[in-house]
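Have a look at the structure below before the remarks.
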Amino acid sequence: MSYLFIFISAVFVNNIILSQFLGICPFLGVSKKISTAAGMGFAVMFVMTLATIVTYLVYYTFLQPFNLTFMMTVTFILVIAALVQMVEIIIKKVSPPLYEALGIFLPLITTNCAVLGIAILTVQKNYTLVAGVCYALSSAIGFTLAIVIFAGIRERLAFSRIPPALQGTPIALITAGLLSMAFMGFAGIGN
């Protein structure tokens with residue numbers, strides 16, 4: 001399988017948020033401003049790629065050889081939690097405004113099912129380490145693309161006249177559904 005096919009498939013066709021519906025909490029919670037959404041996207045990109053590398057190595061070095069594959073989910077969660085703590089410390093030192101803007105959502109990367117999902121899917125799809133990193137990075141780019149586009153739409157919606165019954169979460173969910181349908185147009189590319 002070529003890396004270009006993995007990239008196009010992960011970013012557009014099987015977008016982690018809009019097609020597989022993983023990572024919806026930060027998608028809805030951090031997407032009110034483009035700057036915050038981009039920051040979250042880059043944090044997820046870093047954590048997802050690094051988590052995939054580490055979990056891949058842990059799986060094929062310890063879990064599979066010692067027949068402990070049943071511990072995969074728990075082990076992957078622990079690895080991701082440690083990596084998120086590291087990212088949180090780095091962002092706090094490098095960019096305090098971004099750290100403040102992300103607020104509670106930065107620790108929520110620990111429970112972001114998109115990060116765990118990609119780590120597990122990399123093993124389940126029997127990717128090599130390089131293909132797995134390509135898949136993780138591509139999925140993270142797709143995550144970032146979706147959340148930034150959604151944030152841009154939500155910023156524009158703030159200046160629109162929306163009926164009171166649809167303001168807030170209802171219009172956000174309708175917009176997310178329409179954005180998901182728009183990405184379904186890429187489904188023909190993967191065939």
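The values are calculated or read from the model by the stated rules, or taken from the named source; none is laboratory data. Keep in mind that what you see is a predicted model, and the values were worked out from it rather than measured. When we count neighbours, we look across all protein chains shown, and the Cβ atoms used for this are built from the backbone with ideal geometry, even at glycine. The area values use the complete protein model at the heavy-atom level, side chains included, leaving out ligands, DNA and RNA. Shrake-Rupley method; radii C 1.70, N 1.55, O 1.52, S 1.80 Å.
Based on what the data block shows, is LEU63 in contact with a Ser or Thr (Cβ under 7 Å, 6 or more places away or on another chain), over 30 Å from ILE149 (Cα atoms) and of a type outside the set (Val, Ile, Thr)? Even if it seems obvious, please write down each step before you answer.
Values: in contact with a Ser or Thr (Cβ under 7 Å, 6 or more places away or on another chain): yes; over 30 Å from ILE149 (Cα atoms): yes; of a type outside the set (Val, Ile, Thr): yes.
It is true that LEU63 is in contact with a Ser or Thr (Cβ under 7 Å, 6 or more places away or on another chain), over 30 Å from ILE149 (Cα atoms) and of a type outside the set (Val, Ile, Thr).
Among the residues of the range 112-129, write down those that are in a helix (DSSP H, G or I), over 14 Å from ILE16 (Cβ atoms) and touching a helix residue (DSSP H, G or I) at 6+ places or on another chain (Cβ under 8 Å). So that I can check it myself, show each step before the final result.
Residues of the range 112-129 that are in a helix (DSSP H, G or I), as a first pass: 113-124, 129.
When the remaining residues are screened for being over 14 Å from ILE16 (Cβ atoms), the result is 123-124, 129.
Selection gives VAL123, LEU129.
Taking the criterion of being assigned to a helix (DSSP H, G or I), closer than 16 Å to GLN20 by Cβ and open to solvent by 60 Å² or more (accessible area, probe 1.4 Å), would at least one residue in the range 156-178 satisfy it? Please lay out each step first, then the result.
Of the range 156-178, the ones assigned to a helix (DSSP H, G or I) are 156-157, 164-166, 169-178.
Checking the rest, the ones that are also closer than 16 Å to GLN20 by Cβ come to 176-177.
Narrowing further to those that are open to solvent by 60 Å² or more (accessible area, probe 1.4 Å): none.
No, the range 156-178 contains no residue that is assigned to a helix (DSSP H, G or I), closer than 16 Å to GLN20 by Cβ and open to solvent by 60 Å² or more (accessible area, probe 1.4 Å).
Out of all the residues in the range 42-59, which are touching a residue at least 60 places away in the same chain (Cβ under 8 Å) and over 19 Å from the mean Cα position of the chain (by Cα)?
Correct list: LEU57, TYR59.
For residues that are open to solvent by 70 Å² or more (accessible area, probe 1.4 Å) and on the phi < 0 side of the Ramachandran plot, tally how many sit in the range 62-82. Give the steps one after another, and end with the answer.
Narrowing the range 62-82 to residues open to solvent by 70 Å² or more (accessible area, probe 1.4 Å): 62, 64-67, 70-71, 74, 77-78.
From the residues that got through so far, the ones that are on the phi < 0 side of the Ramachandran plot too are 62, 64-66, 70-71, 74, 77-78.
Residues flagged as open to solvent by 70 Å² or more (accessible area, probe 1.4 Å) and on the phi < 0 side of the Ramachandran plot within the range 62-82 amount to 9.
Is there any pair with a first residue in the range 172-185 that is free of Cβ contacts under 8 Å to residues at least 24 places away in the same chain and a second that is surrounded by fewer than 13 Cβ atoms within 10 Å (Cβ to Cβ) and outside any helix (DSSP H, G or I) whose Cβ atoms are under 8 Å apart and which are 6 or more apart or on different chains, and what are they?
From the range 172-185, no pairs qualify.
For the range 126-149, which positions are buried (at least 22 other Cβ atoms within 10 Å of the Cβ) and farther than 23 Å from LEU179 by Cβ?
Across the range 126-149, the qualifying residues are GLY132, CYS134.
Go through the range 105-125 residue by residue and tally those that are open to solvent by 50 Å² or more (accessible area, probe 1.4 Å) and at pLDDT 85 or above.
Summing the residues that are open to solvent by 50 Å² or more (accessible area, probe 1.4 Å) and at pLDDT 85 or above in the range 105-125 gives 3.
Does GLY152 fit the bill of being surrounded by fewer than 16 Cβ atoms within 10 Å (Cβ to Cβ), closer than 20 Å to SER35 by Cβ and not acidic (Asp, Glu)?
Working: surrounded by fewer than 16 Cβ atoms within 10 Å (Cβ to Cβ): yes; closer than 20 Å to SER35 by Cβ: yes; not acidic (Asp, Glu): yes.
Spelling it out, GLY152 is indeed surrounded by fewer than 16 Cβ atoms within 10 Å (Cβ to Cβ), closer than 20 Å to SER35 by Cβ and not acidic (Asp, Glu).
State whether one or more residues within the range 88-104 are of a type in the set (A, V, I, L, M, F, W, C), without any contact (Cβ under 8 Å) to a residue 24 or more places away in the chain and surrounded by 14 or more Cβ atoms within 10 Å (Cβ to Cβ).
We begin by selecting, within the range 88-104, every residue of a type in the set (A, V, I, L, M, F, W, C); these are 89-91, 94, 98, 101-102, 104.
Those still in the list that are without any contact (Cβ under 8 Å) to a residue 24 or more places away in the chain too: 89-90, 94, 104.
Next cut, surrounded by 14 or more Cβ atoms within 10 Å (Cβ to Cβ) only: none.
No, every residue in the range 88-104 fails to be of a type in the set (A, V, I, L, M, F, W, C), without any contact (Cβ under 8 Å) to a residue 24 or more places away in the chain and surrounded by 14 or more Cβ atoms within 10 Å (Cβ to Cβ).
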